[in-house]
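**Q** Please read through the structure below; I'll follow up with questions.
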Amino acid sequence: MPWTARLRQRAFRSQPADRAPVILRHSRIYILPSRRGLAIIATLVLMLLTSLNYALSLGLALTFFLGGLAAAALLHTFRNLAGLEIKPLAAGDAFAGEPLAFSVALAAGALARRAIELRAAGATASVSLASHATQAIELRVPTTTRGRIALGRITLSSDQPLGLWRGFAYVHFPLAGVVFPAPELNAPPPPAGAEGLGELAAGANTESDLAGLQDYRPGDPLQRVAWKAVARGAGWFSKAFEGSGGRGAVELAYRSLPAALTAEERLARLSAWVLACERAARPFALALPGVHLPAALSREHLHEALTALALFDAGES
Amino acid sequence: MAASPPRPLGPAQIRALGVLLVAAQLPLVVHLPVWVAAFGLFLAGLRFALLRRDERLARLRPARIPSWALALFAVAIALALRKSYGYFVGRDPCVAFLFVLAGIKFLEIRTTRDGTLLACLAMFVALTPFFYSQSLLGALAMLPAIVAAGVALEALAVRDPGAAGPSIRAAWTRSASLVAQGLPIAAGLFLVFPRLATPLWGLPADHAARSGLSDRMAPGSISELSLSDAVAFRVSFDGPPPRPEDRYWRGPVLSLFNGREWSALPPRPGGSLARGDRTIRYTVTLEPDDHRWLFALDLPSSLPAIEADSSVNAPKVGSLARDLQLVARAPVTQPLRYVQESVLGDRHPAASAGELRIDARMPPSNPRAVAFAQSLRSRYPNDREYIGAVLRWFRDQPFHYTLQPPLLEDHPVDAFLFDTRRGFCEHFASAFVVLLRAAGIPARVVTGYQGGEINPRGGYMIVRQSDAHAWAEAVVDGQWQRFDPTAVVAPSRIERGLYGSVPASDPVPLFARGDTGWINHVQLALDAINYRWRRNVIEFDHDRQRALWRDWGVDRFPPWQAAMAVTAAVLAWAVAVFATFAVRRRRGERTARLWSALCRRLARAGLPRPPWEGPIAYAGRAAQRWPQFAIAFDAIGSAYAMLRFGPVSEDERSALVATLARAIEVLPSPASLRATAHS
């Protein structure tokens, strides 16, 4: 890295190069007057000029007292941030349009911290910490499109104690979450099972084909648990559906969707279908150009499938 | 910069701002017309009352006075001030307007932005009393406003005004501590921030005349001045103070007479310093009187200097005019201190005859006095004998020295000399000079102060307006010589001051009465404190700052060294402030130390703490293992949990740490714990 880029990185932390945890030190903390601070400084300058002009010794004393107060506040602003420890905890996932939650942990260290504000990617959070306290903070970042969304640079700031100075520090963790394609609203039902591969099972309403309850066996999908029975205390049962066992896995293929749909519309439909299969507890396979997930039915499989949809590079098709 | 939108103010924030405003307004109240003061404070009180009412009625929308009404109101106030002062663009009405304006602003503040504006206004208002007085009392009165500013700013910085803030006492303590931490910066700036030698912009003319001698004298002007207790100046002498009959403090010299009023010539430079052997050196601290006169004992033998530095190029504060008046460089609007030397004497060389013509001019007035002078002159052609005859006449005729002379109409000298014969020093001096001029002897009136009271507490002399005096000078044998007709009529005026020489029924001001018991003692003690305050704080101006820098040798440092010294001082301050934080942090560390020591001890006793176990659970387990110490373990667990996780105040913190330490002390050694373990 050339030295200019290194300097820029050091000053602005534009690259996600911070390794957890980061303790804020003087090299990271900036302090600038806040808007109120500027107003007060302007007033003090006016008072200074007046006192100088009229040779008012006590006027100068008053001005310098207030200036000393502001200077002490500056040290306290610095101290409110210095020594604060921040580490990334987790990045969540979400469907596009929903907020994506990132969590970081703040540790106060030996000092109590007042009104620390965190700001990143359009999300803000504010927290006060007792000394030695640690707290997880969730930053809920608004999303619009699918893909991998980085939290980006976090700005920690505080204007305590007097609101005259704003101290801030940049921390940039390589923390990114996945935003799944928003499922298509009122999507057609997913294609039929293994027997009718490639055909759409018109009007297949799995809910109406309830055949009865059978004893719950470990491994049965949670979607099929008869929760009402559990709640009544009747014991654990799984719902058995007419023919649901026999239908086999559904193959959800990107290429078999109508050609009229754009890439994003296809992904939205696939997203809806993946969720529908999960709801109906039907195993599904997902075929995207370059990606093939064999048929399965589990949380991990669902997550894997949605992630594949989220990260699918539409340019390839 | 955080461009956060203004937030609505909560009641606690409005209260904190109101307290700041009132703390800033109160010291100014004594310098304002009563109606302005009462009105400004009423506005602040009104807002407090409205706030209370809103809270009591739990209103969702607070009571508001529309902005247009407030604007109208401000205009009305400006007009009223214009009427009251007679002008508006000037310091005093503007200060009064600012005072009321801040109150109006307080009535309508709603958002944090308004709050910032009000805080700025209030801070400026806190400065304004010093236009009028820079006494020690004024300095003490500004302290609450400084701390209140910290409290108000902290309240404004609170993000969620609805949440219960810190207690009022805690907020004031914290703000006072911040002010204390800033004190070294304030003191450093006070000493090193460069002062101005000359004002940046012209000082607006002060319309309100202050009491003091002026360059005019009409019958009654000095007796009116004598009714004032105000201090004219204070003097500390290098040696013993002069005797009372030598205490003639020379002020404006009045040579022009229009038949009724005396006035001074414009000061002509080029006076020559007196020479002689009865030299006396002293330091005068002059109260501001907006005039250019400086006062010195008759006769000044040096120019007034800033410091007691006898070198020729020591800076001078004034010059000497031809009639031996000391004239300052600029009107004295601030307390002024100067070192002065005088030769005690009553005569000095007169100028050429041509210049003396002005001092012999008589307007055609007071015919009886002129006629009397001419008849007397025919008997005493010798100047000295004639003057002696005039003084004898004053002594022998039934003249009365009084503060309440009757009013004199046209030809006031005639009326005084032959009709009323009751007068104050200006009547005597004026009549005496008229009698001399009518006889062709050049003469003039000299005004100033005569006397002065030694303050035993401070070893200095106080000269008050009640010591104002007028005497005469006449040219005899080519020399100006001082004559004091008042001393002839009332010799005690010179020996004992005003009180001993006028009738007891005269309204002599309190402190001119001499011994008035304890009041006088208290007053002199206060004056001594104020005098030191004046000398050391208020008069620390440009010249004295430079002198201090010279003492330190600052002027010999190159600028970069001075800059480095300042930087080092600021760094030292920051380190010192952080060190005080560190002391507080160590208190927090003590908790951690105590806890880890306990964990180690219990581990050796056979009860290690797994890293995920919380303090209360761990203490609970220990209490089961050693039931005889259950109470101690309980205390340890809850105290540590409170210290570690709970919100605790500073007071609670130290109490909890003490509890933790005591409870741990109770426990025996790990070996005996192991022996008594209850499985």
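The values are calculated or read from the model by the stated rules, or taken from the named source; none is laboratory data. The structure displayed is predicted, hence computed values, not measured ones. Note that we place each Cβ from the backbone using ideal geometry, even for glycine, and neighbour counts take in every protein chain shown. To get the accessible areas, we keep the full protein, side chains included, count just its heavy atoms, and leave off ligands, DNA and RNA. Shrake-Rupley method; radii C 1.70, N 1.55, O 1.52, S 1.80 Å.
**Q** In region B:1-29, what residues are in contact (Cβ under 8 Å) with a residue 60 or more places away in the chain and not in a helix (DSSP H, G or I)?
**A** Those that are in contact (Cβ under 8 Å) with a residue 60 or more places away in the chain and not in a helix (DSSP H, G or I): B:P6, B:R7, B:P8, B:L9, B:G10.
**Q** Which condition from (1) over 16 Å from the mean Cα position of the chain (by Cα); (2) facing chain A (nearest Cβ under 10 Å); (3) modelled with pLDDT of 95 or more is the one that B:A148 breaks?
**A** With respect to (1) over 16 Å from the mean Cα position of the chain (by Cα); (2) facing chain A (nearest Cβ under 10 Å); (3) modelled with pLDDT of 95 or more, B:A148 is out only on (2).
**Q** Now for a different question. Of all residues in region A:10-32, how many are touching a residue at least 60 places away in the same chain (Cβ under 8 Å) and in a helix (DSSP H, G or I)?
**A** Selection size over region A:10-32: 1.
**Q** Related question: Just give me the residues in region B:399-415 being under 18 Å from B:N258 (Cβ atoms) and open to solvent by 50 Å² or more (accessible area, probe 1.4 Å), in sequence order. Don't jump to the end; show me each part of the working.
**A** Within region B:399-415, the first condition is being under 18 Å from B:N258 (Cβ atoms), and the residues that meet it are B:408-415.
Listed by number, the residues that qualify are B:E409, B:D410, B:H411.
**Q** If you don't mind, another one. Say we look at region B:99-153 and pick out the residues that are charged (D, E, K, R) and without any contact (Cβ under 8 Å) to a residue 60 or more places away in the chain; which of these is farthest from B:L526 (Cα to Cα)? Step through it out loud before you land on a result.
**A** Restricting attention to region B:99-153, the residues satisfying the condition of being charged (D, E, K, R) are B:105, B:108, B:110, B:113-114.
Those still in the list that are without any contact (Cβ under 8 Å) to a residue 60 or more places away in the chain too: B:105, B:108.
Numbers: B:K105: 38, B:E108: 42 Å.
The selected residue is B:E108.
**Q** State whether one or more residues within region B:327-350 are at pLDDT 80 or above, farther than 25 Å from B:R281 by Cα, of a type in the set (G, A, S) and not in a helix (DSSP H, G or I).
**A** no
**Q** Looking at (1) within 12 Å of another protein chain (Cβ to nearest Cβ); (2) modelled with pLDDT under 90; (3) outside any loop (DSSP other than H, G, I, E, B); (4) open to solvent by 50 Å² or more (accessible area, probe 1.4 Å), find the lone condition where A:L7 falls short.
**A** If we test A:L7 against (1) within 12 Å of another protein chain (Cβ to nearest Cβ); (2) modelled with pLDDT under 90; (3) outside any loop (DSSP other than H, G, I, E, B); (4) open to solvent by 50 Å² or more (accessible area, probe 1.4 Å), just (1) comes out false.
**Q** If you don't mind, another one. Of A:L293, A:L257, A:L302, A:L286, which residue is open to solvent by less than 30 Å² (accessible area, probe 1.4 Å), over 23 Å from A:L185 (Cβ atoms) and free of Cβ contacts under 8 Å to residues at least 60 places away in the same chain? Write out each step before concluding.
**A** Details: A:L257 fails: over 23 Å from A:L185 (Cβ atoms); A:L302 fails: over 23 Å from A:L185 (Cβ atoms); A:L286 fails: over 23 Å from A:L185 (Cβ atoms).
None of the other options fit; the residue is A:L293.
**Q** Is it true that some residue in region A:79-93 is touching a residue at least 12 places away in the same chain (Cβ under 8 Å), away from chain B (no Cβ under 11 Å), closer than 25 Å to B:E154 by Cβ and in a strand (DSSP E or B)?
**A** There is no residue in region A:79-93 that is touching a residue at least 12 places away in the same chain (Cβ under 8 Å), away from chain B (no Cβ under 11 Å), closer than 25 Å to B:E154 by Cβ and in a strand (DSSP E or B).
**Q** Name the residue that is nearest to the chain's Cα centre (by Cα), counting only residues in region B:283-301 that are surrounded by 21 or more Cβ atoms within 10 Å (Cβ to Cβ) and of a type outside the set (A, V, I, L, M, F, W, C).
**A** First, pick out the residues of region B:283-301 that are surrounded by 21 or more Cβ atoms within 10 Å (Cβ to Cβ): B:284, B:286, B:289, B:293-301.
If we keep only those that are of a type outside the set (A, V, I, L, M, F, W, C) as well, we get B:289, B:298, B:300-301.
Values: B:D289: 14, B:D298: 30, B:P300: 29, B:S301: 31 Å.
Going through the qualifying residues, I end up with B:D289.
**Q** I need a count of the residues in region B:399-430 that are modelled with pLDDT under 85 and among the acidic types (D, E).
**A** Of the residues in region B:399-430, 2 are modelled with pLDDT under 85 and among the acidic types (D, E).
**Q** Taking region B:432-448, which residues are outside any loop (DSSP other than H, G, I, E, B) and surrounded by fewer than 24 Cβ atoms within 10 Å (Cβ to Cβ)?
**A** Within region B:432-448, B:R437, B:A438 qualify.
**Q** Say we look at region A:96-122 and pick out the residues that are hydrophobic (A, V, I, L, M, F, W, C) and open to solvent by 40 Å² or more (accessible area, probe 1.4 Å); which of these is farthest from the other protein chains (Cβ to nearest Cβ)?
**A** First, the residues of region A:96-122 that are hydrophobic (A, V, I, L, M, F, W, C): A:96, A:100-102, A:104-108, A:110-112, A:115-116, A:118, A:120-121.
Those left that are additionally open to solvent by 40 Å² or more (accessible area, probe 1.4 Å): A:112, A:121.
On the way: A:A112: 9, A:A121: 17 Å.
It comes out as A:A121.
**Q** Is it fair to say B:F88 is of a type outside the set (A, V, I, L, M), open to solvent by 10 Å² or more (accessible area, probe 1.4 Å) and under 20 Å from A:T50 (Cα atoms)? Steps first, please.
**A** Details: of a type outside the set (A, V, I, L, M): yes; open to solvent by 10 Å² or more (accessible area, probe 1.4 Å): yes; under 20 Å from A:T50 (Cα atoms): yes.
Yes; evaluated as a whole, the condition is true for this residue.
**Q** Can you find a residue that is within 14 Å of another protein chain (Cβ to nearest Cβ) and at pLDDT below 90 anywhere in region A:174-196? Give the derivation first.
**A** The first filter runs over region A:174-196 and keeps only residues within 14 Å of another protein chain (Cβ to nearest Cβ), leaving none.
No; the residues of region A:174-196 include none that is within 14 Å of another protein chain (Cβ to nearest Cβ) and at pLDDT below 90.
**Q** Could you tell me how many of the residues in region B:219-234 are farther than 30 Å from B:P456 by Cα and open to solvent by 30 Å² or more (accessible area, probe 1.4 Å)?
**A** Taking region B:219-234 and keeping what is farther than 30 Å from B:P456 by Cα, we get B:219-221.
Adding the requirement that they be open to solvent by 30 Å² or more (accessible area, probe 1.4 Å) leaves B:219, B:221.
Of the residues in region B:219-234, 2 are farther than 30 Å from B:P456 by Cα and open to solvent by 30 Å² or more (accessible area, probe 1.4 Å).
**Q** Here's a follow-up. What pairs can you find where one residue is in region B:472-494 and touching a residue at least 24 places away in the same chain (Cβ under 8 Å) and assigned to a helix (DSSP H, G or I), the other is buried (at least 23 other Cβ atoms within 10 Å of the Cβ) and among the acidic types (D, E), and their Cβ atoms are less than 9 Å apart, with a gap of 6+ or different chains?
**A** B:R493/B:D484; B:I494/B:D484
**Q** What's the total number of residues in region A:34-66 that are out of contact with any Gly (no Cβ under 7 Å at 6 or more places or on another chain), at the interface with chain B (Cβ under 7 Å from one of its Cβ atoms), open to solvent by less than 30 Å² (accessible area, probe 1.4 Å) and in a helix (DSSP H, G or I)?
**A** Of the residues in region A:34-66, 11 are out of contact with any Gly (no Cβ under 7 Å at 6 or more places or on another chain), at the interface with chain B (Cβ under 7 Å from one of its Cβ atoms), open to solvent by less than 30 Å² (accessible area, probe 1.4 Å) and in a helix (DSSP H, G or I).
**Q** Applying the selection to region A:35-59, what residues are at pLDDT 95 or above and closer than 30 Å to A:D18 by Cβ?
**A** The one that is at pLDDT 95 or above and closer than 30 Å to A:D18 by Cβ: A:G37.
**Q** Additional query: Report yes if some residue within region B:100-115 is surrounded by 22 or more Cβ atoms within 10 Å (Cβ to Cβ), over 30 Å from B:A12 (Cβ atoms) and among the hydrophobic types (A, V, I, L, M, F, W, C); otherwise report no.
**A** So far as region B:100-115 goes, no, none of its residues is surrounded by 22 or more Cβ atoms within 10 Å (Cβ to Cβ), over 30 Å from B:A12 (Cβ atoms) and among the hydrophobic types (A, V, I, L, M, F, W, C).
**Q** Taking into account only those residues within region B:351-394 that are among the small types (G, A, S) and outside any helix (DSSP H, G or I), which is modelled with the highest pLDDT? Spell out the reasoning first.
**A** We begin by selecting, within region B:351-394, every residue among the small types (G, A, S); these are B:351-354, B:360, B:365, B:369, B:371, B:373, B:375, B:378, B:388-389.
Narrowing further to those that are outside any helix (DSSP H, G or I): B:351-352, B:365.
Values: B:A351: 76, B:S352: 73, B:S365: 83.
Checking each candidate, the answer is B:S365.
**Q** Taking B:R113, is it part of a loop (DSSP other than H, G, I, E, B) and either modelled with pLDDT of 95 or more or more than 30 Å from B:I529 (Cβ to Cβ) (or both)?
**A** Details: part of a loop (DSSP other than H, G, I, E, B): no; either modelled with pLDDT of 95 or more or more than 30 Å from B:I529 (Cβ to Cβ) (or both): yes.
No: the conditions fail for B:R113.
**Q** Okay, moving on. Taking the residues in region A:145-168 that are farther than 16 Å from A:R36 by Cβ and within 14 Å of another protein chain (Cβ to nearest Cβ) as candidates, determine which candidate is most open to solvent (accessible area, probe 1.4 Å).
**A** Within region A:145-168, the subset farther than 16 Å from A:R36 by Cβ is A:145-156.
Pick out the ones that are also within 14 Å of another protein chain (Cβ to nearest Cβ) and you get A:155-156.
Numbers: A:T155: 20, A:L156: 0 Å².
Only one residue tops the list, namely A:T155.
**Q** From the list B:L32, B:L46, B:L72, which one is buried (at least 17 other Cβ atoms within 10 Å of the Cβ) and either at pLDDT below 90 or over 19 Å from B:I146 (Cα atoms) (or both)? Give the derivation first.
**A** Numbers: B:L46 fails: buried (at least 17 other Cβ atoms within 10 Å of the Cβ); B:L72 fails: buried (at least 17 other Cβ atoms within 10 Å of the Cβ).
Answer to the selection: B:L32.
**Q** Also, I was wondering about something else. Looking at B:I65, B:I77, which is the one that is farther than 24 Å from B:A149 by Cα, outside any helix (DSSP H, G or I), more than 27 Å from the chain's Cα centre (by Cα) and not charged (D, E, K, R)?
**A** Numbers: B:I77 fails: outside any helix (DSSP H, G or I).
Exactly one of B:I65, B:I77 is farther than 24 Å from B:A149 by Cα, outside any helix (DSSP H, G or I), more than 27 Å from the chain's Cα centre (by Cα) and not charged (D, E, K, R), namely B:I65.
**Q** If you don't mind, another one. Any chance you could count how many residues in region B:645-676 are within 14 Å of chain A (Cβ to nearest Cβ), open to solvent by 70 Å² or more (accessible area, probe 1.4 Å) and more than 21 Å from B:I616 (Cβ to Cβ)?
**A** Going through region B:645-676 one residue at a time, the tally reaches 1.
**Q** Now a separate question. Give all pairs with beta carbons closer than 8 Å in which a residue from region B:85-98 that is in contact (Cβ under 8 Å) with a residue 24 or more places away in the chain meets a residue that is open to solvent by less than 40 Å² (accessible area, probe 1.4 Å) and in a loop (DSSP other than H, G, I, E, B); count only pairs at least 6 apart in sequence or on separate chains.
**A** Going by the 8 Å Cβ cut-off, the qualifying pairs are B:V95/B:L32; B:A96/B:L32; B:A96/B:P33.
**Q** Separate question: Filter region B:335-360 down to the residues that are open to solvent by less than 40 Å² (accessible area, probe 1.4 Å) and of a type in the set (S, T, N, Q) and list them by number.
**A** Matches in region B:335-360: B:Q340, B:S342.
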